[in-house]
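Student: I am attaching a structure below and will ask some questions about it afterwards.
The values are calculated or read from the model by the stated rules, or taken from the named source; none is laboratory data. On a predicted model such as this, the values are computed, not experimentally measured, just so you know. Quick reminder, even Gly has a Cβ in these numbers, built from the backbone with ideal geometry, and neighbours come from all protein chains shown. Heavy atoms of the whole protein, side chains included, go into the accessibility calculation; ligands, DNA and RNA do not. Shrake-Rupley method; radii C 1.70, N 1.55, O 1.52, S 1.80 Å.
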Amino acid sequence: MGRTENCIRTAVEAIHSSPFQAVLYLAGGASQVVGWLLSVPGASNTVLEVVVPYSKMSMIQLLGKIPSQFSSQQTAEDMALLAYNRALKLSASGSPVVGVGFTGSLAGNQPKRGEHRFYMSTRTADQLWISAVTLTKGLRTREEEDRVSSHFLLKAIANACKIPATSVSELSESDVSNECEKHFSEDQQLEQLINGQICFKIYPFANEIRAERKIIMPGSFNPLHDGHIMLMEVATRICGDGYPCFEISAVNADKPPLSVSQIKDRVKQFENVGKTIIISNQPYFYKKAELFPGSAFVIGADTAVRLINPKYYDGDYNKMLKVLIGCKETGCTFLVGGRNVDGVFKVLDDIDVPEELQDMFVSIPAEQFRMDISSTEIRKRSGM
């Protein structure tokens, strides 16, 4: 094995040993990276998905728009952001993720009028890295240009995974390379979430063993109280397995979005008690189900009543059924704890759940959990 092959294997082994998980969107080059990553043991620790949107129509559908240029810095950046959001959805709970975007216009069967160039971008929670490389025309074959771009991309992935990769430069003096980096503060990350650029941000404060399946308790948690924590503990025992997470939507259906400072204040509560909290931008359960497929959502009976009320589906019973069956098809379930509803304590058995949805709802028995106080009442008592 030569020096270059040794460098490649060492970099890939280090990437696989890191906690990062990645989604790669590649078009027009860097194809050898996929083989390098997948041929070294441990690839399943890192690679969540690889997509090659090679045709124009495939790229348009991926981006959701027609790009001004298919091979450009902006397209690579857009691909990386899409890959980052996809990685968030596919990753194990709490694992850091990286989205990788690559688009190139390399040597082909016929001479190109334009430059031989490629653009790549990696996106993590707090960093965006972009590189643009112009290769000297006629200097290399297509396979050689692909290898150069593959080396560059492997190094970029390693850097995103916080690995100082050693690599052999394959650029000539006449090639041109430009790189730039952007760092995002926590405030900027939360602003991106509120604006819809990123789909959620997870704060893995818990020490629990992480699992693929999430047990999620949505709420405003203003404030977080013992009832929330006790209910989650009971729900986790009922589920038997899963990673317990609390979830706050920064965007509300009928209220202004939370401010960055409000989100940070609420997140602090979970840090203090060592519980994982997810901040999302989806107020509706059918959207939460798309974000977190296969999850068990922990809700109160009052929320369950609203969930199956056609009033919240434009008064259309069939629309309500269709939406919730869609949630069911993602593998999601609802664990329902007893709550006061219009002054009466109700459990799941007191709610008329449509027959088509009954197997999606699981009761949390009142003898295992009952606490009548709410965050609203706590705020009133404390004058908040």
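Student: For Cα pairs less than 8 Å apart in space and 6+ apart in sequence, what is the mean separation divided by the residue count of the range 1-121, i.e. the relative contact order in percent? Could the numbers behind the result be given before it?
Tutor: Values: 196 pairs, mean separation 37.2, N = 121.
After rounding, I find 31 percent.
Student: Also, quick follow-up: Quick one: Karplus J couplings for the range 188-202, per residue in order, coefficients 6.51, -1.76, 1.60, θ = phi - 60°, nearest Hz, x for Gly and Pro?
Tutor: These are the phi-based 3J(HN,Hα) values: 5, 4, 5, 5, 4, 5, 4, 7, x, 6, 10, 8, 6, 10, 10 Hz.
Student: Now a separate question. For every other residue with a beta carbon closer than 14 angstrom to the beta carbon of LEU154, add +1 if it is Lys or Arg and -1 if Asp or Glu, then tell me the sum.
Tutor: Details: positive: ARG9, ARG147, LYS155; negative: GLU5, GLU13, ASP146, GLU170.
It works out to a net charge of -1.
Student: Roughly how tilted is helix 317-329, in degrees to the nearest 10 and between 0 and 90, from the longest Cα axis of the chain?
Tutor: 60
Student: Using a Cα-Cα cut-off of under 15 Å, which aspartates and glutamates could be cross-linked to LYS346, ignoring same-chain neighbours fewer than 8 residues away?
Tutor: Those aspartates and glutamates meeting the cut-off are ASP302, GLU367, ASP372.
Student: Sticking with this structure for a sec: Counting only Cα, what are the radius of gyration and maximum Cα-Cα distance Dmax of the chain, in Å?
Tutor: 24.3, 79
Student: To continue, here is another question. Please figure out what share of the DSSP beta bridges in the range 123-251 is antiparallel and state it in percent, rounded to the nearest 5.
Tutor: On the way: 9 of 14 bridges.
Looking only at bridges with both residues in the range 123-251, the antiparallel portion is about 65 percent.
Student: With angles folded into 0 to 90 degrees, how steeply does helix 226-239 sit against the dominant principal axis of the chain? Use alpha carbons for both and round to 10.
Tutor: Tilt of helix 226-239: around 70 degrees.
Student: Let me ask something additional. Taking R0 as 45 Å, what FRET efficiency do you get between ASN272 and ARG3 from their Cβ-Cβ distance, rounded to the nearest 0.05?
Tutor: Working: r = 51 Å, r/R0 = 1.13.
Rounded to the nearest 0.05, the efficiency is 0.30.
Student: Whole number in Å², please: accessible area per residue of the chain, 1.4 Å probe, ligands, DNA and RNA not counted.
Tutor: Values: 18450 Å² over 384 residues.
Here the residues of the chain average 48 Å² of exposed surface.
Student: Percent of accessible area on the range 26-185 owned by carbon and sulfur, 1.4 Å probe?
Tutor: Values: 3780 of 7380 Å².
Carbon and sulfur together cover 51 percent of it.
Student: Would you kindly derive the ³J(HN,Hα) couplings of the range 13-27 from the backbone phi angles with the Karplus curve 6.51 cos²θ - 1.76 cosθ + 1.60 (θ = phi - 60°), listing them in order in whole Hz, with x for Gly and Pro?
Tutor: Using θ = phi - 60°, the values come out as 4, 5, 4, 5, 7, 6, x, 6, 10, 9, 10, 10, 10, 10, 9 Hz.
Student: For the range 69-222: lysine pairs with Cα atoms under 22 Å, gap of 8 or more or different chains, count?
Tutor: Lysine pairs meeting the criterion: 9.
Student: If you don't mind, there's one more thing I want to ask. Per the helix-only calculation at 222 nm, which mean residue ellipticity applies to the chain, given -39500 (n - 2.57) for every DSSP H run of n ≥ 4 and division by its residues, nearest 500 deg cm²/dmol? Don't skip to the end; give the middle numbers.
Tutor: Working: 13 runs with 144 residues, N = 384.
Here the helix-only value at 222 nm equals -11500 deg cm²/dmol.
Student: Across the range 84-94, in residue order, what do the Karplus-derived ³J(HN,Hα) couplings come to in whole Hz, using 6.51 cos²θ - 1.76 cosθ + 1.60 with θ = phi - 60° and x for Gly and Pro?
Tutor: 4, 5, 5, 5, 4, 5, 8, 6, 5, 4, x
Student: Next question. Could you tell me the distance between the Cα centroids of the range 75-136 and the range 291-311, to the nearest Å?
Tutor: About 37 Å separates the Cα centre of the range 75-136 from the one of the range 291-311.
Student: Taking loop as defined by DSSP and a crowding limit of 13 other beta carbons within 10 Å, which chymotrypsin sites (Phe, Trp or Tyr not before Pro) in the range 1-85 fit? Don't skip to the end; give the middle numbers.
Tutor: Details: sites: PHE20, TYR25, TRP36, TYR54, PHE70, TYR84; in loops: PHE20, TYR54, PHE70.
Sparse-neighbourhood loop chymotrypsin sites (Phe, Trp or Tyr not before Pro): TYR54.
Student: While we're on this one: Would you work out if the range 56-169 is rounded, prolate or oblate? Take a ≥ b ≥ c from the square roots of the eigenvalues of the alpha-carbon gyration tensor; rounded if a/c is under 1.5, else prolate when a/b is larger than b/c, oblate otherwise. Each step should come with its number before you reach the end.
Tutor: Values: a/c = 2.58, a/b = 1.37, b/c = 1.88.
Oblate, because a/c is 1.5 or more while a/b does not exceed b/c.
Student: Follow-up question, since we're still on this one. Between GLU367 and ILE66, what is the label-to-label distance in nm when each label sits 7 Å out along the Cα-to-Cβ direction?
Tutor: Spacing of the two 7 Å Cα→Cβ label points: 6.7 nm.
Student: As I understand it, the value is the acute angle between the Cα axis of helix 260-273 and the longest principal axis of the Cα atoms of the chain; what does it come to in degrees, rounded to 10?
Tutor: For 260-273 against the chain, the angle is about 70 degrees.
Student: Moving to a separate point now. Before anything else, pin down the relative contact order of the chain: Cα pairs under 8 Å, at least 6 apart, normalised by residue count, whole percent. Please report the intermediate quantities before stating the final value.
Tutor: Values: 700 pairs, mean separation 48.7, N = 384.
That works out to 13 percent.
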